[in-house]
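The structure under discussion appears below in the form of structure tokens.
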Amino acid sequence: PPMDVPQIVAAGGFVALVVLVLGCTGLMERFNAVTPFGVVRGMQLGLGMLLCAKGWTLAVWTDGTRQSMRGLWGPDGMALGALALAFVLASAAPTKTAAAAREVVGDGAGVGADRMHARARGGSGNDARVALILVAVGAVIAACRPGSLASLRAGPSTPAPAFPSAKAAATGVLRAGLPQLPLTTLNSVVATCALSKDLFPDKPFPVRPTGVAVSVGAMNLCGAAFGAMPCCHGAGGLAAHYRFGARTGAATAFLGAGKLFLGIAFGGSLLTLLGEFPAPLLGVLLAAASAELIRAGLDGATRNEGSGGDSWYDPGGTDRYASIVTAATTVASGSTGLGALFGFATHALSWARRRLLDGASGEGGEGGREYREVEMEEGG
């Protein structure tokens with residue numbers, strides 16, 4: 001059965017408290033340090049593919065069951081989604097400057113080359129305009145639907161604090177809190193910090209897991225007191241912001257201020273209008289954001305091959321295989337937590353196997369060491 005509000009509040013409060021403790025005690029930093037590089041990249045790839053599949057479902061099918069396809073024409077037709085997709089792809093089309101950037105930076109540095117490409121075609125402004133135009137078109141279509149504006153009321157909604165009973169709290173923690181905990185720690189903290197480092201490598205103050213964990217925990221504990229839906233700083237959201245032009249904290253502040261204004265101005269009465277937003281446009285925006293996340297995962301794995309000194313780098317190829325297993329399991333199961341579990345197991349087994357093989361080859365004395373050195377030189 002669906003969970004009620006007190007159960008959701010209990011689950012969110014539980015996760016927030018655990019993540020806050022991990023951040024305040026420094027344990028999140030240690031967890032981040034021991035997380036295999038391949039698991040992080042696999043989570044980015046897997047989550048990006050899941051978001052892309054969700055975007056496809058929104059754009060092509062009438063509901064999540066995929067039983068009925070959308071019609072071709074109309075405000076919810078596939079033609080609208082196709083036009084929006086063409087608009088997004090046209091804004092991201094590669095140029096000669098991008099090709100030259102890749103020749104200078106290298107094929108393995110896709111994010112760096114794409115950053116140079118973005119500057120050459122006018123920075124992030126084009127991407128921002130694409131998102132704003134699509135959102136504006138969707139808002140106009142939603143407002144023109146019969147009855148979509150009838151429910152609008154001026155003024156904010158009164159928060160209704162939820163106080164879960166002991167039974168509701170136990171149900172919420174067991175059904176949602178515990179399953180959500182790996183996703184929050186891995187995707188909302190570890191993967192977000194890794195993606196932030198990829199997208200903004202020149203920032204003087206990199207995002208640290210401690211700060212992200214404390215932020216996630218604090219905001220959800222405050223929100224739980226008012227019955228708010230649990231939130232996080234997910235890697236998917238960061239990829240979406242970057243894909244559509246956000247480059248500084250001002251973009252997030254602007255988005256937050258806009259949401260606060262709409263919430264204070266209309267409250268919950270705005271939900272009817274939001275529900276009328278064309279799903280094909282939403283699906284295209286989601287797919288475009290997922291492509292950014294997938295690209296960061298692929299590019300990060302390529303750039304770190306052979307980059308000795310990175311604590312996440314595994315020269316034995318373990319991380320590349322763990323990345324594949326993590327991504328594949330995430331897509332197949334629909335769970336990043338389960339994908340990460342299989343990725344950790346793959347990394348551990350591969351590491352143990354490599355240690356055994358290294359130990360066996362070491363029995364040959366100096367000859368064994370000399371052979372491995374020659375093999376490494378030939379492979380390098």
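Go through (1) open to solvent by 30 Å² or more (accessible area, probe 1.4 Å); (2) under 15 Å from residue 128 (Cα atoms); (3) part of a helix (DSSP H, G or I) one by one and return the number of the condition residue 273 breaks. Only one criterion in (1) open to solvent by 30 Å² or more (accessible area, probe 1.4 Å); (2) under 15 Å from residue 128 (Cα atoms); (3) part of a helix (DSSP H, G or I) is unmet by residue 273, namely (2).
Select, from 317, 309, the only residue that is open to solvent by 70 Å² or more (accessible area, probe 1.4 Å), at pLDDT below 55, within 27 Å of the chain's Cα centre (by Cα) and over 19 Å from residue 185 (Cα atoms).
Numbers: 317 fails: open to solvent by 70 Å² or more (accessible area, probe 1.4 Å).
Testing whether each residue is open to solvent by 70 Å² or more (accessible area, probe 1.4 Å), at pLDDT below 55, within 27 Å of the chain's Cα centre (by Cα) and over 19 Å from residue 185 (Cα atoms) leaves just 309.
Just one of the listed residues (334, 359, 367) is open to solvent by 40 Å² or more (accessible area, probe 1.4 Å) and at pLDDT below 50, namely 367. Looking only at the stretch 200-213, decide whether some residue is open to solvent by 30 Å² or more (accessible area, probe 1.4 Å), assigned to a helix (DSSP H, G or I) and either within 21 Å of residue 3 (Cα to Cα) or modelled with pLDDT of 85 or more (or both). Among the residues of the stretch 200-213, at least one is open to solvent by 30 Å² or more (accessible area, probe 1.4 Å), assigned to a helix (DSSP H, G or I) and either within 21 Å of residue 3 (Cα to Cα) or modelled with pLDDT of 85 or more (or both), which makes the answer yes. Within the stretch 33-43, is even one residue out of contact with any Phe, Trp or Tyr (no Cβ under 7 Å at 6 or more places or on another chain), of a type in the set (S, T, N, Q) and in a helix (DSSP H, G or I)? Looking for residues that are out of contact with any Phe, Trp or Tyr (no Cβ under 7 Å at 6 or more places or on another chain), of a type in the set (S, T, N, Q) and in a helix (DSSP H, G or I), one finds none in the stretch 33-43, hence no.
The values are calculated or read from the model by the stated rules, or taken from the named source; none is laboratory data. It should be emphasised that the depicted structure is a prediction, and the values quoted were computed from it without experimental measurement. Every residue, glycine among them, receives a Cβ derived from its backbone with ideal geometry; neighbour counts consider all protein chains shown. The area values use the complete protein model at the heavy-atom level, side chains included, leaving out ligands, DNA and RNA. Shrake-Rupley method; radii C 1.70, N 1.55, O 1.52, S 1.80 Å.
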